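Trainee: Mind looking over this structure? Questions follow.
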């Protein structure tokens, strides 16, 4: 068994879920998380003051799969989560 942990942009969650479903993965756990990296944060205005938002909302997906499914699962996740911009996410396999 392998545990695959994926951190992606929230709006890509449904695309990734559908891609996983298409290769027979039916169970996964989703957690809303925040993180920062090369994508950097952004500035927001609140009550007239500008604040720097360094942590950006992300979605973490945990999937337990058989060893022989690993390459296929990583491939479909990579394609479904891809936007071509910084911050597309990370895939961890263990």
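Laboratory data are not the source of any read-out in this text; all were calculated from the coordinates shown. Bear in mind that the values here come from a model prediction, so they are computed numbers and not experimental data. Backbone-built Cβ (ideal geometry, glycine too); neighbour counts: all protein chains shown.
Trainee: Exposure proxy check: 13, 3, 20 ranked by fewest other beta carbons within 10 Å?
Mentor: Details: 13 19, 3 11, 20 23.
Ordered by Cβ neighbours within 10 Å, fewest first: 3, 13, 20.
Trainee: May I ask for the Kirkwood hydrodynamic radius of the chain, worked out over all distinct Cα pairs and given in angstroms to one decimal?
Mentor: Values: mean 1/r = 0.0701 Å⁻¹.
With all distinct Cα pairs of the chain included, I get 14.3 Å.
Trainee: Return one number: the angle in degrees, 0 to 90 and rounded to the nearest 10, between the long axis of the Cα atoms of helix 70-81 and the longest principal axis of the Cα atoms of the chain.
Mentor: Around 30 degrees separate the two axes.
Trainee: With the chain treated as a Gaussian network of Cα nodes joined by springs under 10 Å, which of 37, 48, 24 yields the largest mean-square fluctuation?
Mentor: In this elastic network of the chain, the residue with the biggest mean-square fluctuation among 37, 48, 24 is 48.
Trainee: Could you work out which residue, out of 76, 30, 59, moves most in a Gaussian network model of the chain, that is, has the largest mean-square fluctuation with Cα springs under 10 Å?
Mentor: Its mean-square fluctuation being the largest, the pick is 30.
Trainee: So how far, in whole Å, is the C-alpha centre of segment 40-94 from the one of segment 2-38?
Mentor: 8
Trainee: Under a point spin-label approximation (7 Å from Cα along Cα-to-Cβ), what is the residue 51-residue 92 distance to one decimal in nm?
Mentor: Label-label distance for residue 51 and residue 92, simple model: 2.7 nm.
Trainee: Separate question: For the chain, find the longest principal axis of its Cα atoms and tell me its angle to the long axis of helix 13-22, 0 to 90°, nearest 10.
Mentor: Once rounded, one gets 10 degrees.
Trainee: Return 47, 17 ranked ascending by Cβ neighbour count within 10 Å, so the fewest neighbours appear first.
Mentor: On the way: 47 5, 17 15.
In order of increasing Cβ crowding within 10 Å: 47, 17.
Trainee: Remind me, relative contact order of the chain in percent, using alpha carbon pairs under 8 angstrom and six or more residues apart? Intermediate results must be reported in sequence, preceding the final value.
Mentor: Numbers: 149 pairs, mean separation 47.2, N = 94.
Contact order relative to length: 50 percent.
Trainee: How would you rank 5, 29, going from fewest to most other Cβ atoms within 10 Å of each one's own Cβ? Don't skip to the answer; put the middle values down first.
Mentor: Details: 5 15, 29 10.
In order of increasing Cβ crowding within 10 Å: 29, 5.
Trainee: Now for a different question. Given the -39500 (n - 2.57) contribution per DSSP H run of 4+ residues, what per-residue ellipticity at 222 nm results for the chain, rounded to the nearest 500 deg cm²/dmol?
Mentor: -7000 deg cm²/dmol
Trainee: Continuing with this model, one more query. When the chain is treated as a GNM, springs tying every alpha-carbon pair under 10 Å, which of 35, 27, 84 comes out with the largest mean-square fluctuation?
Mentor: So, out of 35, 27, 84, the one fluctuating most is 84.
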